[in-house]
Amino acid sequence: MDLEYLIRRSDISLRPSSIFMFHGYGSNKDDLFSLEQLLPKSYSIISFNAPISLPFGGYSWFNIDYTDIIENNLDKRYKEINESVEMILNNINSLIKKENLNSDDISILGFSQGGSICWKLGLDNSSLFRRVIPLSSFIHPSYLNNELESYKDKLIYCSHGSLDDVIPLSLVDEHILNLSNKNNLTYDKFDSGHTISQENLVRLINWINQTKI
């Protein structure tokens, strides 16, 4: 399945770096794409639309209900998440060729459910993605292919609001801190809810600039 997407092409014509974006549950490709104006012009920015259309509007990367979050487990979604990830990988690889992107400098950025997809993509496909940027998202070992402790040497920026009542910080804190032991991981917490605050944006953009090739 070909995913719908928006693209802002780099001002560099030959093999530009790129950032692929994954929106949150119930949103769409336009949401995170609004950040493109803040991101370096040397990057191609590509924002995907999730494949599952929701009855109340918007889209989803995989079916989920609030008990999945409360139970702190994505085990029952494992097959569905992997199917979504395979679809995303096919689309990313297609666009790398079509847009002549630099395959050595692919970053992925996701918010909320899109951030959970981002964690899964970045950890289980580490050779493809140089930077992993999950924001205000849920991560649990149950939907990963390996033990959390086995992932290492990844370049990660993640953030979370201490007042987040959709994905409480207490559900993800331990897993992220665990990952920080063997990875180059920056973990910012902000006095905010389930959103990307202005302070968060500033820190994120600074990190992107600091970690460019």
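Each residue of segment 158-172 was assigned a 3J(HN,Hα) from its phi angle through the Karplus curve 6.51 cos²θ - 1.76 cosθ + 1.60 (θ = phi - 60°); the sequence is 9, 8, 7, x, 5, 9, 5, 9, 8, 10, x, 4, 4, 7, 10 Hz, with glycine and proline shown as x. In terms of other Cβ atoms within 10 Å, ILE106, ILE213, ILE133 run from fewest to most in the order ILE213, ILE106, ILE133. Summing charges over all other residues whose Cβ lies under 12 Å from the Cβ of ASP153, with Lys and Arg as +1 and Asp and Glu as -1, gives +4.
Annotation: the residues MET1, MET87, sorted from fewest to most other C-beta atoms within 10 Å of their own C-beta, follow the order MET1, MET87.
Rounded to whole numbers, the Karplus 3J(HN,Hα) couplings from phi for segment 176-189 are 5, 5, 4, 5, 5, 5, 10, 10, 7, 10, 9, 10, 9, 10 Hz, using 6.51 cos²θ - 1.76 cosθ + 1.60 with θ = phi - 60°, and x at Gly and Pro. Under the combined filter of DSSP loop state and at most 16 neighbouring Cβ atoms within 10 Å, segment 141-213 retains these GluC sites (Glu not before Pro): GLU147.
Values in this text are rule-based calculations from the coordinates and carry no lab data. Just so it is clear, the structure is predicted and the values come from calculations on it, not from any experiment. For neighbour counting, all protein chains shown are included, and Cβ atoms are generated from backbone atoms with ideal geometry for every residue, glycine included.
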